[in-house]
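Structure first, commentary second.
The values are calculated or read from the model by the stated rules, or taken from the named source; none is laboratory data. Since the structure is predicted, the reported quantities are computational estimates derived from the model, not experimental observations. Here Cβ is always computed from backbone atoms with ideal geometry, including for glycine, and neighbour counts include all displayed protein chains. Please note that ligands, DNA and RNA were not included when accessible areas were found on the heavy atoms of the full protein model with its side chains. Shrake-Rupley method; radii C 1.70, N 1.55, O 1.52, S 1.80 Å.
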Amino acid sequence: VTNLNNALLPAEGDALGLVTYPVSSYGEWYSPLCTSAWSNTYYGAQVLSALTTNVATVNGLVSGLAAAGGASTAAGMQLGRFTVLPYDLPTPGRAPVIILASDGLSNCTVDGRWTGFSGEGAESPACNAISQQHAIEQANLAKQAGVIVFTVAVGSGFNTDFLQAMATEDSDASRPHFFQAGSRAELESIYQTIA
């Protein structure tokens, strides 16, 4: 990610931001769809950096990231859209872009409710479908607003169809918007391609 950021040209107007998820909070109790246990934990997203030309600051934030459970992909995509389109419209002459790096296993709705799906295995049960539906809806809202959405499947056991549905549709097969990275080298190559 930092290599991608370093390829940006802030002097020419490139800006970047960083949205991460999950961020957990507590609220009213609810019954998750995939389990009989009740929960009062909500999983959302947070803006670690609004759009900025300060690449070094964002790279410092990226270096401090760690993986955690509870994948609110929908909330992350929604907040990503708000971050790249702070005034709801693209800036003339600029292309807003969201790059979603994910294992492709979403298990929280856009309002932060955990479905109860543990995320084990690539096959998402029917009770978890709403989390993926919400994420795709948020990606579609971003695309309708003029945002270019790249999705990067990281690791193994990811849901390819889900991440492909979120990505901008390819108009040229040589310029894809969905990628799969099974290794660090592949991930670096993908980010260089996007850059």
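Taking every protein chain into account, the accessible area of the chain amounts to 53 square angstrom per residue (probe 1.4 Å).
Taking all Cα pairs closer than 8 Å and separated by 6 or more residues, the relative contact order of the chain comes to 21 percent.
Rounded to two decimals, what is Rg over Rh for the range 58-195 when you use alpha-carbon atoms and the Kirkwood radius? Walk me through the intermediate numbers first.
Details: Rg = 14.8 Å, Rh = 15.5 Å.
Checking Rg against Rh, the ratio lands at 0.95.
Considering the dipole of the range 1-143 built from charges on the beta carbon (Lys and Arg +1, Asp and Glu -1) around the Cα centre, which of 124, 55, 135 is farthest to its positive end? The one lying farthest along the dipole's positive direction is 55. Rg and Dmax of the range 128-195, based on Cα coordinates, read 12.4, 33 Å. Share of carbon and sulfur in the accessible area of the chain stands at 52%, probe radius 1.4 Å. Amide H to amide H distances under 5 Å link residue 148 with 97, 98, where only residues 5 or more positions off or on other chains count and H is placed in the peptide plane. If I fit a long axis through the Cα atoms of helix 129-144 and take the longest principal axis of the Cα atoms of the chain, what angle between them do I get, 0 to 90°, rounded to 10? Roughly 30 degrees, rounded to the nearest 10.
Under a Cβ-Cβ cut-off of 15 Å, what is the net charge of the residues other than residue 59 that fall near it, where Lys and Arg count +1 and Asp and Glu count -1? Each step should come with its number before you reach the end.
Values: positive: none; negative: 14, 188.
Residues close to residue 59 contribute a combined charge of -2.
One decimal place: the segment residue 160-residue 28 gains 44.2 nm when fully extended, by the rule 0.36 nm per residue minus the C-alpha distance.
How far is helix 73-84 tilted, in degrees, relative to the longest principal axis of the Cα atoms in the chain, given as a value from 0 to 90 rounded to the nearest 10? The answer is roughly 30 degrees.
Give me log10 I(q)/I(0) at q = 0.19, 0.28 Å⁻¹ for the range 37-96, Debye formula, one equal scatterer per alpha-carbon, no solvent. Log-scaled intensity ratios, in q order: -0.88, -1.25. The alpha carbon radius of gyration of the range 1-117, expressed as a multiple of 2.2 N^0.38 Å, is 1.20.
As a test of the formula, what do you get for the chain when each DSSP H run with n ≥ 4 contributes -39,500 (n - 2.57) and the sum is divided by the residue count, at 222 nm and rounded to the nearest 500 deg cm²/dmol? Numbers along the way, then the final one.
Numbers: 6 runs with 60 residues, N = 195.
It comes out at -9000 deg cm²/dmol, rounded to the nearest 500.
Would you mind telling me the antiparallel percentage of the DSSP bridges in the chain, rounded to 5? If we restrict to bridges inside the chain, about 50 percent are antiparallel.
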